[in-house]
Each structure stands twice: as structure tokens, then as C-alpha cells.
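The values are calculated or read from the model by the stated rules, or taken from the named source; none is laboratory data. These figures come from a predicted structure and were not determined experimentally. All Cβ positions, even for glycine, are placed from backbone atoms using ideal geometry, and neighbour counts span all protein chains on display. When the accessible area is computed, the model is the full protein with side chains, heavy atoms only, and any ligands, DNA or RNA have been set aside. Shrake-Rupley method; radii C 1.70, N 1.55, O 1.52, S 1.80 Å.
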Amino acid sequence: MIMSLPEEDLTCAICCDIFTDPVLLSCSHSFCRSCLKCCWDTSGLRECPVCRKRAPKSSPPSNLALKNLCEALIQARIQSSVLVEEMINCSLHGERFKLFCLVDKQPICVVCQSSKMHKNHDCSPIDEAVLDCKDELTSSLKSLRDKLDSLKRIRSSSADMLSHIKSQALETQKLIKNQFEQLHQVLYHEESARLAAVRKEEEEKISEMKDKVKELSAEMLSLAETITVLEEELKEDDMVLLTNFRATQERGNSMQLGSEYMSGVLIDVTNHLCNLKYRIWEKMQDHVEYTPVTLDPNTAHPCLILSDDLASLRYTSQPNCCPDNPERFHMSAEAVGMTALGSGSHHWIVETGSNQDWLLGVASSSVPRNAEVSARPENGFWTLCFRDGEFRAMTSPPTPLTVSGKPDQVKVQLDYDKGTLSFFDPVDDTLLYAFTHTFTETLLPYFYTQSNHPLRILPENVFVTVLHK
């Protein structure tokens, strides 16, 4: 309450100091009792020194509320003075602080400097320490303000980030559905073909069976007639039986049973169902591609366009609308693969085709994304470059390479444990260049281009094998 009142409201208009035993006149003006008495004694008039309104002859009453406020203000000033005195004087020795201990970061007096607590500590004069501390705090303040500005930029871009996340999710779901639809079509056609094969065999076997039934009916009729003939012969005279015996016997022996024609008439169920899923899986290889390295769209520079299967990229002069996330390359048209490369051997083939401006290789996972640095080993890059019709290994300085003819494909082969990164022409397995380095960080496949002709990572053949134990 005291701090909320201006000090002039607590000041006597006569002595221009804080009220001492203030009294209140009928005109509502207040004065120190002694100041008012002196003024009246000097002028001989009992009137308000401010508004000149006459005052009654009786003694003016004390302004107790104002008196309490003034006493509280004076007490606060005393306490403040004591605090200031404590702040500028050493509480242990009563001496004024004249030095600043650079080790303990606190003001000390000359007695403290020679004490065990601060002996051999570097110190500076208070005036110098104030300037140094102000400079340090100013630097910290600038750093904090920069961080605050950065957070404000991140917050302002959060709406764009949320929109991009939703767009990514919808596009990813769409692509997943498309790929499953393709697989569904393959399975549907394969199912239809196999069901048709069963129906075709069913029709053939039924037709065949009907023909056999007709043959059996004819044989049964012929057999019944032969039986009738034999029965009649047995009733004939002995000489007639003997005379016709040979012909009758040959006719009886010529009859064949039809049961031998009944084998193989059933549906070959085994042919249709044996390892059905496995055989379909084998056929699926013709419709399935495996790409050893896929691109990470969250790292691609806004001027790069990636294919739906994340296996190719090309440059465009019209930047895409994408969020400013930390993983993304912001300074040049770069992108890295999704697969982290650690121990072991890894390889992939990139089709360069008509692209005349590219870099291929690997990069450390910690390379800066928001600063432009040369793609050199000392910066965490091991790359092969093709630009202006020339091949160069991006060493320090770059090493020009002599290549007979421009290969349309480049094979990148990394042996992390042996510390080698090699580039080949996969047509004849000619070595273009090999880096040797002791890798200590996780690596990522690296791509750069400023051409609208795509770089494409080629798929590999997929084989299904059965291990027999």
C-alpha cells in the first residue's frame, strides 16, 4: 500500500519533507503540526497555507492514518538502508566489498582475500567484475533470446507441421492400399486360374467317365449275349456241343472286364493342393521387388521429388511445401536413405542414366542438415561425384578419375568392418574408386542431384529357397 502511493502525497507542502505528526484541516489539507504552527505564528493568520481557507481557533486534529503511512515509509527506508549496507559490506569482517572472487563468483573484502577461504583465488576489482559479469549476462541474455525466438518459430510452424503430418498419413495410406490392391489382383488372378484348372479337369474327367460308362454298358450287353449263347450250347446235343466248342470257347475268352479302364479317373487333388501356398509364393516373386536402400522423405531437400516407392529422386526448381524439421537438408539438394549402415557388408546399385550432376556414397548420421559443408571425408561424407562430364572422388582435394565411357549404373559397396567404400561399374564390375577409412559412426546412404533426370535405386532379384535338413 505504501509503495502504491506517490511520495509527494506523503510530503508536507511547507517543509517539503515526509510528514511529522500530521494534522488535518477542515479543507482536507494536511501539514506537519510544527510547520503549521510556525506558519500561523509568522503570518498571524489562521488559514490554510495552500487554499487560504480560514481554520477554526481550536487545535486541528491529528491525521492518524497519514501519520501511520509516513511512519511506515520511514521504517521501510531505514530497513532498505540497512539492506544496502549489508549488501555492500562483508558480514564476516564489516569491511566494504572491493573485490570479486573469480573462483567462487562472489564479492569479498580485502580481509576475505587473505583468509583461507579465498587464499590463492584469482580476484578482480569490483568495478571490473561488474563490467565482466554484465558482459557475460548480456551474452547469456542474447543466447536465451535466440532460443526463445527459435521456439517461437517452431511454435509458429507447428500448424504447418500438423497439416503435413495429416497429409503424409493420408498419402501413405493411399500408397499402402494401392500396393495391396496390386497384390490382391495377382492373388485373385492366380486363384481364378487354379479354380479354372480344377473345373477344366472336372469336365474332362466327367466326359471321360461318361464315355467309359457307355463302353461298360456295351460290354455288359455283349457279355450277356455270350452268356446266353453258352447256356444254349450247354443244352445242345453232345456232338453239337463238341462241334461248336472251339468257337464258343474263343467267344467266351475274348470278353474283357472293364474295371481295368477305371484307374486314373479321379481328380488329381495332389496336383492342385500340394504346397499350394508355397507355389503361389514362388510365383509372387515375379510381381515383388526388393530395394536394398530406400530414401527417407523426411530428410529430402524441398527441391527434390521422390517417387512413390521411395526408390528414385530428381531435382525441381519449384520447392515443395514441406515442414522445416531438423532431419531435413535445408541448404542443398540432398537426401539420405532410411537404412542405417553399421557393421557388416552392404551394397546397392544406382541407375544414373541421363543425369549429369550427382553425388553418391555414404554420410555420417551426424552431418549437419542446416549448414552448407563440402562433401568431404573430414566432414563425414565419402562420395563419388559426376559433374561437367567428369568423375571425381570427393577426397581433399577432389581426385579426378579416368573412366572409359560413362556408366549408366554405379554400384556402391560398403564393408563397414574393413573400413572400405567402393564404387563399381556393375556391367563389368570395374572398380571406379575406393575409400579407406576407420568408420566410428553409423552411416547412411547419401544422394545429391541438381538434375531433373532421376537417380534410381535398382531393385534386386528375390529368390525363395527351401533348406533340407
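Please give the per residue accessible area of the chain, computed with a probe of 1.4 Å over protein heavy atoms only, in Å².
With the other protein chains kept in place, the chain gives 67 Å² per residue.
Report the FRET efficiency, 1/(1 + (r/R0)^6), for residue 320 and residue 415, where r is their Cβ-Cβ distance and R0 is 41 Å, rounded to 0.05.
Between residue 320 and residue 415 the formula returns 0.70.
Give the peptides 65-71, 329-335, 155-161 in descending order of average Cβ contacts within 10 Å, highest first.
Packing order, densest peptide first, comes out as 329-335, 65-71, 155-161.
Please report, in whole Å³, the volume per residue of the convex hull around the C-alpha atoms of the stretch 139-251.
Roughly 161 Å³ of hull volume per residue.
Between residue 183 and residue 250, how many nm apart are label points set 7 Å from Cα along the C-beta direction?
7.2 nm
Specify whether the C-alpha gyration tensor of the stretch 5-58 places it in the rounded, prolate or oblate class, a ≥ b ≥ c being the square roots of the eigenvalues: rounded for a/c under 1.5, otherwise prolate if a/b is larger than b/c and oblate if not.
Prolate.
Computed FRET efficiency, Cβ-Cβ of residue 354 and residue 156, R0 41 Å: what is it to the nearest 0.05?
Once rounded, the FRET efficiency stands at 0.50.
Hey, what do the phi angles of the stretch 148-162 turn into as Karplus ³J(HN,Hα) couplings, whole Hz, using 6.51/-1.76/1.60 and θ = phi - 60°, x for Gly and Pro?
5, 4, 5, 5, 5, 5, 5, 5, 5, 8, 5, 5, 5, 5, 4
Within the set of other residues whose C-beta is less than 12 Å from the C-beta of residue 22, count the net charge using Lys and Arg as +1 and Asp and Glu as -1.
Once positives and negatives cancel, what remains is -2.
Share of the chain's accessible area from carbon and sulfur, percent, 1.4 Å?
Looking at the chain in its full context, I get 55 percent from C and S.
Arranged from highest to lowest average of other beta-carbon atoms within 10 Å per residue, in what order do the peptides 22-28, 243-249, 103-109, 408-414 appear?
Listed from highest to lowest mean packing, they are 408-414, 22-28, 103-109, 243-249.
If you plug each phi of the stretch 167-177 into the Karplus form 6.51 cos²θ - 1.76 cosθ + 1.60 with θ = phi - 60°, what whole-Hz ³J(HN,Hα) values come out, in order, with x for Gly and Pro?
5, 4, 4, 5, 5, 5, 4, 4, 5, 4, 4
Is the C-alpha gyration tensor of the stretch 311-469 telling us rounded, prolate or oblate? Criteria: a/c under 1.5 is rounded; beyond that, a/b larger than b/c is prolate, otherwise oblate.
Rounded.
Over all Cα pairs of the chain, how is the pair count split among 20 Å bins, expressed in % and running from 0 up to the last occupied bin?
P(r) for the chain, in whole percents per bin: 14, 20, 17, 16, 15, 9, 4, 3, 1, 0.
At a Förster distance of 41 Å, what's the computed FRET efficiency of residue 143 paired with residue 72, Cβ-Cβ distance as r, to 0.05?
The formula returns an efficiency of 0.45 here.
Order of 229-240, 355-366 by packing, highest average Cβ count within 10 Å first?
Ranking the peptides 229-240, 355-366 by packing returns 355-366, 229-240.
Please give every one of the lysines within straight-line cross-link reach of residue 210, meaning a C-alpha to C-alpha distance under 17 Å, and leave out same-chain neighbours fewer than 8 residues apart.
200
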